[in-house]
């Protein structure tokens, strides 16, 4: 059993973070600004550019590991974007965002952005860590792996605060009846909590990796649970025009 999207036309996997950034810029240029995927893509591009800068500065203990993980991590997103654009099934974690991407008249850009982060961090991140560890002959418990994972947390917290601040003027324009449910929705997700949960998923899935049936079942359950959270984040809050 697998929750990965069916094969769909996709660009070649980038070789490095610079290639990931270029692919994200291509996606941004091909989508309307109000498209739900575009809203997430802009946030993700900001994060990836920050990671690229930190790689150059030697911020990480094992820059080669982080760069490869970043590429594999992004590839899971690209696969789902390509599958959705081609009309193929997508992973259940990504299903809500792909399905609601055209509902910008009822769903705010920050909801799209956080729904994408929910899918990418709570689901894709654990898989990316495991794939990178397997490729590089290490484990999630290696000191440098966990230390660099924590360093990425710092960068994501910075970007999350920036994104929430950017959307604040739009939130303030909402009527009280719309703003109150939005506050409840947005408070249900934080990047710090998501990455803590993702690390628990890494540990659980790593322990199951040799038993393929159990591993696939756990991946399926994770994807569907993340998808449910994504639907919550995309709850329409703007009143439909009369």
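The values are calculated or read from the model by the stated rules, or taken from the named source; none is laboratory data. Note that the coordinates shown come from a computational prediction; the quantities given were computed from them, not determined experimentally. A quick note on method: Cβ atoms are made from the backbone with ideal geometry, for glycine too, and the neighbour counts reach across all protein chains shown.
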Whether any residue in the stretch 43-56 is out of contact with any helix residue (DSSP H, G or I) (no Cβ under 7 Å at 6 or more places or on another chain) and on the phi < 0 side of the Ramachandran plot is what I want to check. yes
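Any idea which of 67, 61 is touching a helix residue (DSSP H, G or I) at 6+ places or on another chain (Cβ under 9 Å) and part of a loop (DSSP other than H, G, I, E, B)? Steps first, please.
Values: 67 fails: part of a loop (DSSP other than H, G, I, E, B).
After ruling out the rest, the residue left standing is 61.
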Can residue 160 be described as in contact with a helix residue (DSSP H, G or I) (Cβ under 7 Å, 6 or more places away or on another chain) and modelled with pLDDT under 95? yes
Criterion: at pLDDT below 95 and either surrounded by 19 or more Cβ atoms within 10 Å (Cβ to Cβ) or more than 25 Å from residue 202 (Cα to Cα) (or both) - qualifying residue of 1, 43: 43
Which of the residues belonging to the stretch 184-198 are in contact (Cβ under 8 Å) with a residue 40 or more places away in the chain and either assigned to a loop (DSSP other than H, G, I, E, B) or more than 16 Å from residue 168 (Cα to Cα) (or both)? 188, 189, 191, 194, 195, 197, 198
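Restricting attention to the stretch 79-104, and to residues there that are surrounded by fewer than 19 Cβ atoms within 10 Å (Cβ to Cβ) and assigned to a helix (DSSP H, G or I), which single residue is modelled with the lowest pLDDT?
85
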Being surrounded by 12 or more Cβ atoms within 10 Å (Cβ to Cβ) and either touching a helix residue (DSSP H, G or I) at 6+ places or on another chain (Cβ under 7 Å) or outside any helix (DSSP H, G or I) (or both) is the filter; apply it to the stretch 165-183 and report the residue that is modelled with the highest pLDDT. 182
